[in-house]
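Below is one structure, written out as structure tokens, with a few remarks after it.
Nothing in this text is a laboratory measurement; each read-out follows from the coordinates by a stated rule. Since the model is a prediction, treat every value here as computed from it, not as a measurement. Cβ coordinates were reconstructed from backbone atoms using ideal geometry, including for glycine residues, and neighbour counts include every protein chain displayed.
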Amino acid sequence: MYVGRFLVAAPGLAAYRVSSRSFPNRKVIERDGSLTVVPTDDAEPTDNPYVSYNCVRTVDDRGITVVGNGSHVDPVAEKLGLGYPARDALVSALFALDFEKDDYDTPRIAAVVGADSAVVGTVRRDALLVREVEEPTLVATYEKDDPEPFALAADGAAAAARELYDHAFEHAVCAAGVSVDAAGIETAIHNGE
């Protein structure tokens, strides 16, 4: 099954995977304290605004992180930095930016994860959904664009990134993981073999 880009989030742990048929030549890099999806050196040039973006941003002074599939990750992190509650930061950014204005009306997906909390959200053509979750929860851009339980076995950032990358959903490109606990925030990248 092809579900496009997707994330799984739970208190203390989250991961994000790029799956793509149209733009497979991408990777995740660490840049300025964020994890960023960028084209690989051999990627075809494109002016598509949805190809490169921060997919993980931490808000260290609050001990929380944002995971998502596009430019909305930045305003969510900025609002969290201003003291907004996770739900409000997600709602305001997802509402303001709306679904992607591409040929597929691609939903925007995001999560805010702390050591003891997780909130997931999506905005699509027909809905804006934001909910607190206590167990690993998946939301994807296609087919599974309503948050649903997901059996995540990983117990750390690197394992979560690898688990999502290896998942049976089609067209894996790259993945990122993040874990949050009392000791701090750890991130990880998995760009394939």
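In percent, rounded to a whole number, the relative contact order of the chain is 29, using alpha-carbon pairs under 8 Å and six or more apart. Loop-located GluC sites (Glu not before Pro) across region 89-149 with a Cβ neighbour count of 14 or fewer within 10 Å are Glu134, Glu143, with loop assigned by DSSP.
Sequence-ordered 3J(HN,Hα) estimates for region 140-146 from the Karplus curve with 6.51, -1.76 and 1.60 and θ = phi - 60° stand at 10, 7, 10, 6, 10, 8, 10 Hz, glycine and proline given as x.
Roughly how many Å is it from the Cα centre of region 23-54 to that of region 126-193, as a whole number? Region 23-54 and region 126-193 have Cα centres spaced 18 Å from each other.
With contributions of -39500 (n - 2.57) from each DSSP H run of at least four residues, the per-residue ellipticity at 222 nm computed over the chain stands at -5000 deg cm²/dmol. What the phi angles of region 93-100 give under the Karplus curve with 6.51, -1.76 and 1.60, with θ = phi - 60°, is a coupling list of 6, 5, 5, 5, 8, 6, 5, 5 Hz, glycine and proline written as x. For region 114-193, the square roots of the Cα gyration tensor eigenvalues, ordered a ≥ b ≥ c, give a/c of at least 1.5 with a/b no greater than b/c, which places it in the oblate category. Classify region 90-130 as rounded, prolate or oblate from the Cα gyration tensor: take a ≥ b ≥ c as the square roots of its eigenvalues, call it rounded if a/c is under 1.5, otherwise prolate when a/b beats b/c and oblate if not. Cα axes put region 90-130 in the prolate bin. Exposed loop positions in the chain were taken to be trypsin sites (Lys or Arg not before Pro) whose DSSP state is not H, G, I, E or B and which have at most 14 other beta-carbon atoms within 10 angstrom. Between these positions, the longest stretch is 22-100.
Close amide H contacts of Tyr53 (hydrogens built in the peptide plane, cut-off under 5 Å, sequence separation of 5 or more or a different chain): Val37.
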